[in-house]
Every structure is written in C-alpha cells, then in structure tokens.
Amino acid sequence: MSIDPRHLIQLAAIADTGSFAEAAARLDLAQSALSRNIKTLEERVGAPVLKRGRRGAVPTEIGAALAQYGTVIGAANTQANSVMTSVGSPRASQFRIAATQLIAGNFLIDPLTQFMNKRAEVSCLVQSGTVDELIEIVTLGEADLALGQFGALTNSSGLHLEPLIKDYLTVVGRKDHPLRGINGAASEILARAHWIVPRAHTRLRWEIENALKYIGVSSIDITYETPSTAVMMEIVRKSDCVAMVPRFAVSPMIENGTIVELLPDRTVLHRPIGILCQSTKRKSAIVNSFCQDLHRFARRAMANATGEQ
C-alpha cells in the first residue's frame, strides 16, 4: 500500500510548527482528521513518525526524512498554483501528472517547475503511487500522463507508452559503506549484506528478487521491509543496510554523494522509465510540450550519470 502524498505534506506542516493544532490551522483541516491521517501514515510506514511530548510534536528520524519529501511535494503544488494565486483568475486548463515516489521526489520537480513557469494559463495537480496505481489512474483518465517503469505494457487499449530513459536496478549504500570497493563475485558480496527491501508482492520486490536470482544470490539477510521508498533511502543513508533501486530515480542522491553505487560497473536489470498517457492526450499541446521538457531533462540526467561512471 502506497503512502498518500497529502499525508507527507501534513507531516511536514507538523514538523515545521511543532503542533498539531497550528498545523491543522495552516492546512485548513480539522485537528481530529489530521491526527487520523498521521496514524494512517505511521501504519503504512510501520514506524512512529512523531514523538509527542511537553515540547510538542517532534519528528523521529524516519519522520524527519518523510517530512522533507512532504516539503518537496508541497512546494511543487505551491509552485504549480502560484500564478493562480497572484493573478486571482481561474486557469484555462488543469494539467494532472502522476509519478512513482522516487521519480516524484528526485526528478520531477525541476522539469515541472520550469514548465509551470512558462504556462501561466495552466494549473497543476501532482499525484504519486505505485506503478500499478499509475496505470489505473491514467486508464481512468484521472491523470494526463504518468512517469514510471511500466515494463512490458504495450501501446494498447487506448494507452500510449513512450520510452524516456534507459534505467536499470543498482545496489546502493551509504557513502562510506564497508562493502564499497570490495573485490569479488557480486553474488558473494550481496549475500553477506544487510538489506532493506520493499514489501512482498509488490512489483519492485518481484523485480529485485528476480535480479538477485539472475546473478546467483539465492537468499539475502532482510533487516527491514517497508512500502516507502523514502524510508528505504533514509535507512540506507544512516546504516550499513543496502538496497536495490532504480538508478535513474536516485541519481540526484548519487550525484551529491548522499549514497553510492556499491557495484557501479555491474548492471543488474534493465528497466526503462517511460511516459504513459492516453493516446488522445498525447496529441494535446500541453502534454506534448511537457513531454519535450521531460526528454530534455532526461537526456541531461543520463549524461550526468554516464559522466560519473
């Protein structure tokens, strides 16, 4: 089950104010509803995100990391609607975009912000979810386009899928991880690592398990399981745990040195990132223009990644 991005925005407001009451007032939300939403968030994360005491509500380590993602998502929504606020008139159209959590948090913000700065007539709605949820959102017409790893999905049933970037799964750890630079067979190195993985029966977990089998790893030491990719990356950054993740989605974290690829020269599994939309939507001027921006940003990101390696 995926995390509702609205709950991350609400967590960020609580972390910023230190108070449920002040955060509820800022969000124009009943305090009881805010409390229920944070409880739901903690259930989905599988850990407390706030410590409640005499000094108010203080984020836990995982809560602080998730609040940062909430700040990013909230900033994207604010940016997308800033022109409407300043002009005070309704927009001619609304642009609805969806993406997986990692892509939304690490890639989408820059191209979306640049695009919205050029389109004063457009408002924007940003959503996130699993790949299966994104396919359903696009199929139902609830998003104009989605970004994710759509695998073997074909251009059928009125859907249009186009490749954006050649992505692959890679194994990451913190920048001073003890396994970094160790020589030996990949299967032996990965078998003795401590792992954080997605929950069972998810698409990414299935891909990881198949990739590990392909390189000869029959079993791994799973220390953590979580449905949240944000939690995965925060635990990787602060522990000796490793994770297998899409390289493109975490490329900004690799480029700024927050995490490193432990086996940078060993591609595990190709999984291209694509743009999915309804066939009729791809012909619209707004969607076409944003797709062009996405391709430019993707080429730049890929060039940076190639330069590193």
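Placing +1 at every Lys and Arg Cβ and -1 at every Asp and Glu Cβ, with all other atoms neutral, what dipole size does the range 5-68 have around its Cα centre, in debye to the nearest 20? Display every interim value, and only then the final one.
On the way: 9 positive and 6 negative charges, 36 e Å.
Charge dipole, the range 5-68, about its Cα centre: 180 debye, nearest 20.
The charge dipole of the range 168-270, taken about the Cα centre with unit charges on the Cβ atoms of Lys, Arg (+1) and Asp, Glu (-1), comes to about 100 debye, rounded to the nearest 20. Along the range 164-172 the Karplus relation, 6.51 cos²θ - 1.76 cosθ + 1.60 evaluated at θ = phi - 60°, assigns HN-Hα couplings of 10, 7, 7, 10, 8, 7, 9, 9, 10 Hz to successive residues, with x for each Gly and Pro. Database remark: amide H of S279 closer than 5 angstrom to the amide H of L159, H160 (H placed geometrically; neighbours at sequence offset of 5 or more, or on other chains; Pro and chain starts carry no H).
For the pair Y168 and A25, a Förster radius of 41 Å applied to the C-beta separation gives a FRET efficiency near 0.35, rounded to the nearest 0.05. Rounded to the nearest 20 debye, the dipole size of the chain about its Cα centre is 320 debye, using +1 on the Cβ of Lys and Arg and -1 on the Cβ of Asp and Glu. Close amide H partners of T258, meaning residues 5 or more places away or on another chain with modelled amide H under 5 Å apart, do not exist here. Among the listed options (1) 27, 24, 20; (2) 31, 27, 17; (3) 36, 20, 18, the one matching semi-axes √(5λ) of the Cα gyration tensor in Å as calculated from these coordinates is (2). Amide H contacts under 5 Å for G129: A99, T100, Q101, restricted to partners 5 or more places along the chain or on a different chain, H placed in the peptide plane at 1.01 Å from N.
What's the exposure ranking of E209, E61, going from fewest to most Cβ atoms within 10 Å? If you can, show how the numbers build up before the last one.
Details: E209 15, E61 12.
The most exposed by this proxy come first: E61, E209.
FYI, it's all coordinate maths here, none of it is from the lab. Bear in mind that the values here come from a model prediction, so they are computed numbers and not experimental data. Virtual Cβ from ideal backbone geometry, glycine too; neighbours counted across all protein chains shown.
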